Every structure is written in C-alpha cells, then in structure tokens.
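Some notes on the structure that comes next.
The values are calculated or read from the model by the stated rules, or taken from the named source; none is laboratory data. None of these values were measured; they are calculated from a predicted model. Note: ideal-geometry Cβ built from the backbone for every residue, glycine included; neighbour counts use all protein chains shown. The protein model used for the area step is the full one, side chains on, heavy atoms only, and it has no ligands, DNA or RNA in it. Shrake-Rupley method; radii C 1.70, N 1.55, O 1.52, S 1.80 Å.
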Amino acid sequence: MDDLVTITYKGKSYQLPVIIGTENERAVDILRLRNETGFITYDPGFANTGACKSSITYMDGEKGILRYRGIPVEELAEKSSFKETAYLLINGQLPTETELRKFSIMLNDNSLVHEDMKTFFQNFPRASHPMGILSAMVNALRSFYPELQTSEEEINLTVTRLLAKVRTMAAMSYKISRGHTVVYPRPDLAYCENFLNMMFNTPVTPYVLVKEVVRALEVFWILHADHEQNCSTTAVRVVGSGRVNLYAAISAGISALWGPLHGGANQAVIEMLNEIYRGGGDYRKAVTRAKDKNDPFRLMGFGHRVYKTYDPRAKIMKRMCDNLLKTLNLKDPLLDIAKELEEVALKDAYFIDHNLYPNVDFYSGIVLRAIGIPTNMFTVMFAIGRLPGWIAQWKESMDDPAWRISRPRQIYTGPTETHYVPMSERQTA
Ligand code: SDX
C-alpha cells in the first residue's frame with residue numbers, strides 16, 4: 001500500500017502520494033494536485049518545497065550534517081583534494097588514480113583563456129566588482145567555445161573548460177584591475193597552487209607557495225563545493241531548464257551567489273567586523289542592532305535557511321583560522337572580534353530562540369584575508385569552490401526525466417477585470 005496523504009476541503013477529500021528519500025525525508029507528491037483539485041501550493045522562498053530529487057548532497061539542518069555523495073564533508077576536508085572532490089560531485093564516485101590523472105591533464109590542457117578575452121577585462125571600469133566581471137566573462141566563454149553540449153564527451157569538455165578557466169579568469173581580472181602583468185597557468189602546478197601563483201606571482205617578487213596556505217585554500221573550496229538546492233544552485237537549475245548552454249546557466253548562478261544574503265555574505269561579514277573594529281570593537285552593539293526589528297542590520301554570517309544548529313563547515317573554517325594564523329605567525333583583530341561576537345550571540349535568547357548560528361561565511365573571510373585574497377574577491381572564491389556543485393546539479397537536472405522547464409504558478413492579488421480609460425477621462429493626480 002503506497003504511502004498517501006489525504007487533503008479534505010469543504011467535505012471533499014483528495015489523496016496524494018508520499019515520496020520518501022534515502023534519509024527518510026518525506027514529501028507530498030503534488031504533481032497531480034492542480035489537475036485533480038484545482039489547488040496550487042503557496043510557498044514564497046520555497047522553504048517547504050522540494051524542487052527535485054537529487055543524489056548529490058545530503059544536509060540535515062537539525063543535526064548539522066553535510067555529505068557529498070554520502071561522504072561527510074569533514075572527511076573530505078581532512079583527506080581529499082578539491083580536484084578529487086569536484087570529480088566526486090560531478091561523476092558520482094571518487095576517481096581511480098587513472099581517472100584523476102586524466103582529469104588533471106584535461107584541466108591543465110584547458111586552463112588558458114583566449115587572448116582576446118584580455119581586452120574584455122581591460123575595458124571594465126577599474127572599480128567593477130569581480131563578481132560582475134566573472135558572471136559576464138563566464139557567459140562570454142560561450143562566444144569563444146561554441147561547442148555542442150549534447151554528447152557525454154562534449155559535456156565533459158565544457159565542464160573541464162569551466163573548471164579550468166574560472167581560476168584563470170578570476171586571477172586575470174585581479175591582475176588587470178591592479179594594472180599588473182597577467183600570470184599564466186603553469187602545467188607543473190596543481191589546481192590550487194596554480195591559482196595562488198596566478199594571483200600573487202609578479203616579475204619582481206616570485207610567489208612562494210606555502211603548503212599550509214595551499215591546503216587552507218583547498219579545504220576552503222572543498223567546504224564550498226556543493227550545498228544541495230541553495231539560491232544559486234536553484235538559479236543554475238532554473239536557467240538550465242530552458243536548455244540554454246552551461247556557460248549561461250553558470251553565469252546566472254554566479255549572479256545569484258553575489259547577493260549579501262547568499263555568497264556575498266563572506267564579504268559583508270568582513271565589512272561588518274571591520275566596522276566594529278574601527279568603531280572601537282564594541283561587538284555587543286552589533287548584537288543589539290541585529291535584534292532590533294526596526295533596524296535592517298543583520299548579523300552577517302549568522303543564520304541559515306536549513307541549518308538550525310552550527311553549520312558544520314563553519315566549525316572547520318574556525319579551526320582553520322587559528323591554525324593558519326599560527327602557521328603564518330599572523331594576528332588578525334577581526335578574528336578576535338568574530339569569536340567574541342559568536343560567544344555573546346550564542347548565549348543570547350534572541351539567537352537561541354531563532355536558531356541563529358554561524359554559517360560558512362562567518363569565519364571564511366578571515367581565512368581568505370590570511371591567504372591574501374582582497375575582500376572584494378571573497379565571493380569569487382566562493383563561486384570557484386561552488387562551481388563543481390553547480391555543474392553536478394545541472395548535469396543531474398539535464399538527465400532527470402522528471403525535470404521540465406521551471407515555471408511556477410502564482411496566487412493573483414491584482415485588480416479584477418477593468419477597462420482602458422481614455423486620457424480625457426483620467427483623473428489628474
Ligand atoms: C549562504 O542556502 C544555502 O545553503 C546557502 C549557503 C550555501 O552554501 O549555498 O549555505 C551559503 O548563503 C549562507 C548564508 C549567508 N548569509 C548571511 O550570513 C546573511 C545573514 N543571514 C540572514 O540574512 C538569514 O539568516 C538567511 C538569509 C541566511 C536565511 O534567511 P531565512 O531563512 O529567510 O530566514 P529569515 O530571514 O526569514 O529570518 C527568520 C528570523 C527573522 O526574525 P523574525 O521576523 O522571525 O522574528 O530570523 C531572523 C529574522 O529577522 N534572522 C536574523 C538573522 N538571520 C535571520 N536576525 C539577525 N541576524 C541574522 N543574521
């Protein structure tokens with residue numbers, strides 16, 4: 001006997017099937033709801049709506065669990081590389097040695113961008129935000145690489161081009177924005193090392209790779225690699241549902257991530273901590289403001305739509321801050337403020353009652369500062385990390401027979417039928 005739910009309205013009952021996931025989450029299958037009942041559902045922000053079935057990432061917001069293809073993110077952060085984690089998300093299993101080597105070679109072979117793209121970067125106003133540049137340039141990749149994206153081989157080439165070139169474009173936009181010489185990717189450097197070298201190497205001072213810094217970047221990107229149906233992933237899936245090319249769908253994801261409520265929060269956290277620091281370090285004022293309903297201020301890096309406990313990624317990020325600063329013999333006053341802010345907030349009834357805990361963005365900016373990434377590139381770093389997840393989710397949606405063009409319905413609240421009024425009869429304001 002299938003699991004069913006019954007909806008009764010004005011004496012009439014309707015039965016709908018229940019879907020149960022591998023971790024026992026349950027959903028009411030409303031595929032036939034409107035045809036059978038005339039009803040639609042109403043759920044602004046989709047907090048209670050499952051948009052798809054997915055086997056990529058599992059989150060338990062109450063227990064603070066995050067797994068990529070079943071593997072806890074803590075294990076991947078400790079034992080895996082970003083390249084290997086990207087392969088796991090996109091292909092569904094960890095690569096063999098041969099598969100990983102082939103993947104590395106493809107990434108290396110595709111890490112250069114077309115020289116004509118440099119003129120694009122050179123013509124953005126210098127104050128342009130790197131996320132706007134990245135979104136535009138990823139979309140522009142389609143013009144340079146108009147390959148078909150139908151066969152497995154064609155899709156793999158596009159996927160590899162995106163993963164390989166996004167680093168190069170991010171570093172190129174940074175160098176050009178500073179009027180510095182562009183540094184090209186090197187075949188002898190691994191994924192993360194290459195990015196750091198392209199960002200910080202100069203003809204005058206060669207960049208010295210420090211293994212703890214490389215590892216911190218690797219773990220940063222592993223922690224950001226996927227997060228089931230978040231805002232930007234939903235943007236990628238929705239835009240992709242129109243069967244546009246992958247570059248355009250990813251460009252939409254980058255734009256969605258840019259917002260301060262989403263991936264832009266890592267930059268907003270540092271700006272908030274800096275404001276507290278410059279104002280004398282009174283972090284309690286920030287907590288008071290965050291609780292004031294008349295104040296639009298929010299404690300950036302706190303709260304989450306799914307996690308109602310500590311974000312498992314924030315725990316790892318916080319530990320990484322301490323280790324990295326110690327290794328580099330650095331002190332960052334913003335870390336001290338962040339820790340005190342967290343301590344006060346987590347004891348405050350408002351934050352406890354609202355289940356507000358640090359999320360991935362609360363400590364991630366401190367790690368990026370220690371690596372030397374400029375603040376306005378923090379969300380670009382998030383985007384590079386999230387790219388494998390977006391790609392995996394896009395591929396899964398393209399292969400899902402149930403996935404159709406995304407077109408939600410609405411509850412109309414506007415005027416009932418009325419008629420055109422000639423200008424002469426309109427009341428002057
Ligand atoms: C990311 O979805 C993902 O998985 C995203 C992400 C990923 O990996 O893809 O995890 C990455 O985007 C993390 C979130 C980064 N954003 C921030 O840190 C911005 C600050 N956080 C908030 O704006 C908020 O918590 C959100 C946007 C993260 C979640 O918003 P929701 O789920 O829509 O919750 P809400 O805005 O409806 O808030 C519920 C209540 C409200 O109070 P009441 O009106 O019910 O009394 O909680 C309050 C809010 O005022 N609240 C906060 C708060 N976050 C929520 N109050 C003060 N400070 C905050 N940070």
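To keep it simple, each residue is scored yes or no on (1) free of Cβ contacts under 8 Å to residues at least 24 places away in the same chain; (2) away from the ligand (no atom under 13 Å from the Cβ); (3) outside the structural domain of Tyr283 (by TED's automatic domain parsing).
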| position | (1), (2), (3) |
| --- | --- |
| Asp295 | yes, no, no |
| Arg298 | yes, no, no |
| Tyr307 | no, no, no |
| Leu324 | no, yes, no |
| Leu328 | no, yes, no |
| Leu335 | no, yes, no |
| Ala338 | no, no, no |
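Please determine whether any residue of the stretch 90-98 is in contact with a Pro (Cβ under 9 Å, 6 or more places away or on another chain), surrounded by 13 or more Cβ atoms within 10 Å (Cβ to Cβ) and either not assigned by TED's automatic domain parsing to the domain that holds Trp394 or not small (Gly, Ala, Ser) (or both). Within the stretch 90-98, one or more residues are in contact with a Pro (Cβ under 9 Å, 6 or more places away or on another chain), surrounded by 13 or more Cβ atoms within 10 Å (Cβ to Cβ) and either not assigned by TED's automatic domain parsing to the domain that holds Trp394 or not small (Gly, Ala, Ser) (or both).
Of the residues making up the stretch 141-155, those that are part of a helix (DSSP H, G or I) and free of Cβ contacts under 8 Å to residues at least 40 places away in the same chain number 5. Being part of a helix (DSSP H, G or I) and open to solvent by less than 20 Å² (accessible area, probe 1.4 Å) holds for only one residue in Ile352, Ile337, and it is Ile337.
Each row is one residue, and each column tells you yes or no for (1) open to solvent by less than 50 Å² (accessible area, probe 1.4 Å); (2) outside any strand (DSSP E or B).
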residue	(1), (2)
Glu23	no, yes
Leu31	no, yes
Asn48	no, yes
Cys52	yes, yes
Met59	yes, no
Leu66	yes, no
Glu75	no, yes
Ala86	yes, yes
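Checking the structure you have, find out if any residue of the stretch 393-407 is in the same structural domain as Ile133 (by TED's automatic domain parsing) and within 16 Å of the ligand (Cβ to nearest atom). Yes - at least one qualifying residue is present in the stretch 393-407. Those residues that are more than 14 Å from the ligand (Cβ to nearest atom), open to solvent by less than 30 Å² (accessible area, probe 1.4 Å) and either in the same structural domain as Ala314 (by TED's automatic domain parsing) or hydroxyl-bearing (Ser, Thr, Tyr) (or both), I need them from the stretch 251-275; list them, please. Hit for the stretch 251-275 is Ser251, nothing else. Of the residues that sit in the stretch 355-372 and are open to solvent by less than 10 Å² (accessible area, probe 1.4 Å) and of a type in the set (Val, Ile, Thr), which one is nearest to Val208 (Cα to Cα)? So, considering only residues that are open to solvent by less than 10 Å² (accessible area, probe 1.4 Å) and of a type in the set (Val, Ile, Thr), the one nearest to Val208 (Cα to Cα) is Val367.
Screening Met199 on (1) surrounded by fewer than 16 Cβ atoms within 10 Å (Cβ to Cβ); (2) more than 15 Å from the chain's Cα centre (by Cα); (3) touching a residue at least 12 places away in the same chain (Cβ under 8 Å) shows it passes everything except condition (1).
Restricting attention to the stretch 7-21, the residues that are open to solvent by 50 Å² or more (accessible area, probe 1.4 Å) and over 29 Å from the mean Cα position of the chain (by Cα) total 8.
Glu84 - would you say it is more than 16 Å from the ligand (Cβ to nearest atom) and either over 30 Å from Met320 (Cβ atoms) or not assigned by TED's automatic domain parsing to the domain that holds Asp188 (or both)? Outline the logic, then answer.
Details: more than 16 Å from the ligand (Cβ to nearest atom): yes; either over 30 Å from Met320 (Cβ atoms) or not assigned by TED's automatic domain parsing to the domain that holds Asp188 (or both): no.
Here the answer is no, as Glu84 does not meet what is asked.
Number of residues in the stretch 33-46 that are open to solvent by 60 Å² or more (accessible area, probe 1.4 Å), more than 25 Å from the chain's Cα centre (by Cα) and in contact (Cβ under 8 Å) with a residue 60 or more places away in the chain equals 2.
Is it the case that Phe195 is over 27 Å from Phe46 (Cβ atoms), within 16 Å of the ligand (Cβ to nearest atom) and assigned to a helix (DSSP H, G or I)?
no
Taken over the stretch 373-417, the criterion of being open to solvent by 100 Å² or more (accessible area, probe 1.4 Å) and either in a loop (DSSP other than H, G, I, E, B) or more than 22 Å from Thr158 (Cα to Cα) (or both) is satisfied by Pro401, Arg404, Ile405, Arg407, Arg409, Gln410, Ile411, Tyr412, Thr413, Thr416, Glu417. Considering the stretch 203-227, the residues that are in contact with a Ser or Thr (Cβ under 7 Å, 6 or more places away or on another chain) and surrounded by fewer than 18 Cβ atoms within 10 Å (Cβ to Cβ) include one that is nearest to Ile384 (Cα to Cα), namely Glu212.
Only residues that are within 17 Å of Glu74 (Cβ to Cβ) and either at pLDDT below 95 or not hydroxyl-bearing (Ser, Thr, Tyr) (or both) were counted in the stretch 308-327, giving 13. For the stretch 355-372, what are the residues that are within 11 Å of the ligand (Cβ to nearest atom), part of a loop (DSSP other than H, G, I, E, B) and touching a Leu at 6+ places or on another chain (Cβ under 9 Å)? Residues satisfying the conditions are Leu356, Tyr357. Residues in the stretch 99-128 that are open to solvent by 50 Å² or more (accessible area, probe 1.4 Å), farther than 24 Å from Phe144 by Cα and touching a Phe, Trp or Tyr at 6+ places or on another chain (Cβ under 9 Å): Glu99 only.
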